[in-house]
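**Student:** If you scroll down you'll find the structure; I have some questions about it.
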Amino acid sequence: MQSFYASCEVASRREFTVTRRMDRDDSDPALVVAGDPARRSGIILAATPPAKARGITTAMRLGEALRLAPELVVVAPRMRLYIETSARIQQTIREHFPLQEQFSVDESFFAFPHPSTLFCDPVAAARGLQQAIWDQFRIRCRIGLAPNKWMAKVANNVAKTVAGGIVWWPDGDLLPLHELHVSKMWGLRKRAHVLELEFGAKTIGDVSRISRGALRDRFGTWGDVIHRWSHGEDPSPIHPDAYDAPHKSYSHRVTLPRDFYARDEVATVILELLDEVCRRLRHAGQRGKRVGLGVTYARFEGGFYRARALTSAHDDARAIYPTLLALLDQHWSGDGIRAVGVSVDDLKTAADDQLSLFEDIPKRVQLNRTIDLIHERYGKTSLYRAASLTAAGQLLSRSKKIGGHWSGTP
């Protein structure tokens, strides 16, 4: 979906409906979705094409955006609206193409056989879906068609820049892929910079001419992946039930309302995040043997992410918390902290409880089960730690949000 959050806002406001056209991005208003329009603070979460044409970018501070374009229409995020709209759009895609996999709140993979009598013209089939989404939701979408998921994702990024918003790369035609700059290799991030700097690869075609062995020597197992992608190969299947698949890790992150400098304040936030991660672990019947702590410093500049293995797998915050504090003490520079994240991975299926000579493990397990049951029945704010009542606590304010943003009313 194009500028999904912003498009949902534009589509839901009557004052913009008359003039908007599917084939004209400039028929949208210059609108942005930002954290707190009343206080003129926060960052830009989404912007319409006319707003982007004025130099507005995602993650830009709202104050800076308003200096660039004082006429911007600024609206607060309504996460419930976006999630509900996403669910309906995903259903529309499934009605057109039953073999479908939701990839994110605003992206989806779908597949159909080609050539076939039902889909003799892939572009026409995609155009039909594009029109259906516009007719039902007044939201534009861009579609990349290719023989596999990775190429389709790259084609989709190209489709964002062409008229009509649809790009088709037929099977066997690698020229459009190979002409793209190496930075367009989706999924590589910093590895694309290494390919350009160390191997002299300017295009994806240049990468395809690097031997598999050389790539493996430099990137390990990632070298095989890069080699396959550069040749337009990706064996990944469509997973209609991808969201129901077991997690490989659990994490939780919060952006703080101000910079935190006191260790006890940061520790409070870490404990709140860890409680949520452990609750999700127990709900899935899993435990983690490695924990990670991510910190972003003031002005969202710098920070660190560090992980450490535990002696055994746990799903209890009390057992994991000291390790996270140790990571904080070891790696924190003392700069103001603006965002904190906690993760648990290297997951194991919860089996028989490991006993201890020093702790009453069955009692701890029963306590966690009771707390989880209370939360399921009465909500997360029905029972919480006293530390959440301090100035550092984020639990109560976040309980009113979805995805870290105010849910709003659809």
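The values are calculated or read from the model by the stated rules, or taken from the named source; none is laboratory data. Just so you know, these numbers come straight off a predicted model, no measurement behind them. All Cβ positions, glycine included, derive from the backbone under ideal geometry; neighbour counts span all protein chains shown. Each accessible area value is taken on the protein alone, full model and side chains, heavy atoms only, with ligands, DNA and RNA left out. Shrake-Rupley method; radii C 1.70, N 1.55, O 1.52, S 1.80 Å.
**Student:** Wholly within region 1-119, which strands (runs of 3 or more DSSP E) include no fewer than the required count, namely at least 1 residues that are small (Gly, Ala, Ser)? Please lay out each step first, then the result.
**Tutor:** Details: elements: 31-36, 41-47, 73-75, 100-104, 107-110.
Hits in region 1-119: 31-36, 41-47, 100-104, 107-110.
**Student:** Quick check on my filter: what residues within region 159-173 are aliphatic (A, V, I, L, M) and surrounded by fewer than 16 Cβ atoms within 10 Å (Cβ to Cβ)? Outline the logic, then answer.
**Tutor:** Pass one, region 159-173, residues aliphatic (A, V, I, L, M): 159, 162-163, 166-167.
Val162, Ala163, listed by residue number.
**Student:** On the basis of being over 30 Å from Pro257 (Cα atoms) and not hydroxyl-bearing (Ser, Thr, Tyr), does Arg61 make the cut? I'd like the intermediate steps shown before the answer.
**Tutor:** Details: over 30 Å from Pro257 (Cα atoms): no; not hydroxyl-bearing (Ser, Thr, Tyr): yes.
Judged against the criteria, Arg61 is not a match.
**Student:** If we scan region 236-253, do we find a residue that is open to solvent by 70 Å² or more (accessible area, probe 1.4 Å), under 30 Å from Ala267 (Cβ atoms) and either polar (S, T, N, Q) or not in a loop (DSSP other than H, G, I, E, B) (or both)?
**Tutor:** yes
**Student:** Can you run down the residue pairs with Cβ atoms below 7 Å, 6 or more apart or on separate chains, where the first is in region 136-152 and open to solvent by less than 10 Å² (accessible area, probe 1.4 Å) and the partner is charged (D, E, K, R)?
**Tutor:** Pairs that qualify, where the first residue is open to solvent by less than 10 Å² (accessible area, probe 1.4 Å) and the partner is charged (D, E, K, R), are Trp150/Asp234; Met151/Asp234.
**Student:** So, in region 368-410, how many residues would count as being surrounded by 14 or more Cβ atoms within 10 Å (Cβ to Cβ), outside any helix (DSSP H, G or I) and at pLDDT 75 or above?
**Tutor:** The qualifying residues number 5.
**Student:** A further question follows. Going through Ala69, Ala53, Ala76, Ala46 one at a time, which residue ends up being surrounded by fewer than 21 Cβ atoms within 10 Å (Cβ to Cβ) and touching a residue at least 40 places away in the same chain (Cβ under 8 Å)?
**Tutor:** On the way: Ala69 fails: touching a residue at least 40 places away in the same chain (Cβ under 8 Å); Ala53 fails: touching a residue at least 40 places away in the same chain (Cβ under 8 Å); Ala46 fails: surrounded by fewer than 21 Cβ atoms within 10 Å (Cβ to Cβ).
Going through Ala69, Ala53, Ala76, Ala46 in turn, the sole match is Ala76.
**Student:** Can you name the condition, by its number, that Ala319 falls short on among (1) buried (at least 16 other Cβ atoms within 10 Å of the Cβ); (2) in contact (Cβ under 8 Å) with a residue 12 or more places away in the chain?
**Tutor:** (2)
**Student:** On the basis of being modelled with pLDDT of 90 or more and open to solvent by 40 Å² or more (accessible area, probe 1.4 Å), does Gln354 make the cut? So that I can check it myself, show each step before the final result.
**Tutor:** Values: modelled with pLDDT of 90 or more: no; open to solvent by 40 Å² or more (accessible area, probe 1.4 Å): yes.
The answer is no for Gln354.
**Student:** What are the residues in region 157-174 that are assigned to a helix (DSSP H, G or I) and either touching a residue at least 24 places away in the same chain (Cβ under 8 Å) or more than 19 Å from Ile93 (Cα to Cα) (or both), if any? Spell out the reasoning first.
**Tutor:** In the first step, residues of region 157-174 are kept if they are assigned to a helix (DSSP H, G or I); the result is 157-159.
Correct list: Asn157, Val158.
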